[in-house]
Amino acid sequence: MPRFSDLPREIQADILDCLVVDKTSLTTTERRCLLSPMRVNTFWFNHTADILWNNISKLESTFTALDTVYRRQLYVSKIRYLKLHTSRIHLDRYQDLNILSFKRLALRGYHQGILPFLQPNLEIFEFRCNFRLSSHEVNQMILNQHPDLVDSQTFGRFLSIRSLRVLSVGYMVPTPLLSAALPVDGTNSPTQLQKLVLRGLETLSLPHELDHFLRACTSLRILEMHYREYGPKPLGQEVNIPAVLKSLSALTYLEYFRLDHDLTGDIVEECLKGGDASFRRLRHLAIKGETATLSYFLSLSMQSLTRLDLVVGDPFHHICPCIAQIHCLTDIHLKIGVDRHSPRYNEKFRPGPNDWEGTREDLNALSALKNLQTLSIGPSNINLAIPWLTDDYFIQWVTNFPDLLNICLEWECPLTFASVVALSKSHPRLRQCKLLWTQELGDWNDLPSPQFVDLQHLGLSLVMNFDRSNIREFVTKFIKHPSSMSTCTLFRERGFDPDGNLIVEEADETYVVRLDAKVAAT
């Protein structure tokens, strides 16, 4: 068996970094000398190399420093996930290497020249780059790796490689690259793709090609259309959304659909009328828009839908009765408010008292969803309130959800600590509890203790003069087994503004207590 000193330098460095040795008192050379007599089993070495080099993203500089082709080939053959971040990668180090081992490729950052990484064994391909490549260079890059692809649409040909299952295209990918990727024909059809993720408005600059491409992805199960989460959205994006919606009728195996676009008007009805077959297998839906538009979307046949992520940008109407029509739902994540980048939002907009006020009709409608495991309702740049909600009504209401595991209700309401105690009795297995109330606790030491047995995340907003020295006692009182809780967030309120709005100073650390509950309870 070889000695530790016989191992390649990069493996020595990895081992030294992993070993628990006092690094403050011993230099790297001293630690290396300390381990020099150690014998290394060949079997152990091979498996260690597999583990260390399976994902090269953290070892880029080490790889580029290898001075022999043999050593580079040894480790590149073990790579399964290759993620290239920046131009620090020296491309000549990959020349003349057999790199057909990895199945996942992610290109991020700036890359120039010929990249010899596209191969027929890829299953997952991610673009998140500012590619400095023209369509011609992309074609040439692929032709160098695959001489058999000789037609003018080589990149589109590459996407039809039978092993490719996941394609993710990131922000700032230029139109020429997409133009080469999207066209399909009878012999070039991406029927094997199961997941397609498109990020950024640039991906919708080719509505006709995109519509044709999506219709050809007949095996697609996951479709995600992401948009910029910062800055104003460019004009003209609305004209391309029909290309996405109309193509859904061909995606009969779709299980997850996400569209980060503010759906308004009659666009959904015009594009999907009579074509809801694609949603019969849908399990997860994430959309946003006006209440009327979303209501039509939710009225389509979705017998298999179990999770709904909804952002309602129209706080003057109520969506809960429409949600209640989907009886198979187990997880609801609902945001109500105003999108900062929406035309309805402007710099003069300020949240007002009770921007959205929940009604008994809303809560009674949700009561029909007996299979709920997660219920999350929160605001988006507005205030939510249910001023009429009492402890008795809340306690009776939550009993409609016997399987509830996570509850997050960020609306202002006059609930008291008694409602939390009652919630712990009806749902002792609750894992996450986040509530916002407007009642002072008073002397909380005299209050009964909740009976949660598996609570992992606790978030409370308390109108009280809460002292940090009471955290341990409060957490211990709140749960019988505090060691099982992973996070706890307590908000101390300053009070109310002149308009009567409750102020939650999350940004002011003086008024926010965030802690590791396990540490606080020990």
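The values are calculated or read from the model by the stated rules, or taken from the named source; none is laboratory data. Small disclaimer: the values here were computed from a predicted structure and weren't measured. Here the Cβ is made from the backbone with ideal geometry for all residues, glycine too, and neighbour counts use every protein chain on show.
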Quiz item: Does LEU298 satisfy being touching a helix residue (DSSP H, G or I) at 6+ places or on another chain (Cβ under 6 Å) and either at pLDDT 85 or above or more than 21 Å from LEU423 (Cα to Cα) (or both)?
Solution: yes
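Would you confirm, using the coordinates I've provided, whether HIS318 is farther than 26 Å from PRO190 by Cβ, at pLDDT below 90 and in contact with a strand residue (DSSP E or B) (Cβ under 9 Å, 6 or more places away or on another chain)?
Details: farther than 26 Å from PRO190 by Cβ: yes; at pLDDT below 90: yes; in contact with a strand residue (DSSP E or B) (Cβ under 9 Å, 6 or more places away or on another chain): yes.
Answer is yes for this residue.
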Quiz item: So which pairs qualify, if the first residue must be in region 316-335 and within 20 Å of TRP411 (Cα to Cα), the second must be among the aliphatic types (A, V, I, L, M) and part of a loop (DSSP other than H, G, I, E, B), the Cβ gap must be under 7 Å, and the two must be at least 6 apart or on different chains?
Solution: ALA324/ALA368; ALA324/LEU369; ILE332/LEU372
Exercise. Within region 384-400, count every residue that is of a type outside the set (Val, Ile, Thr), crowded, with 21+ Cβ neighbours inside 10 Å and outside any strand (DSSP E or B).
Key: 2
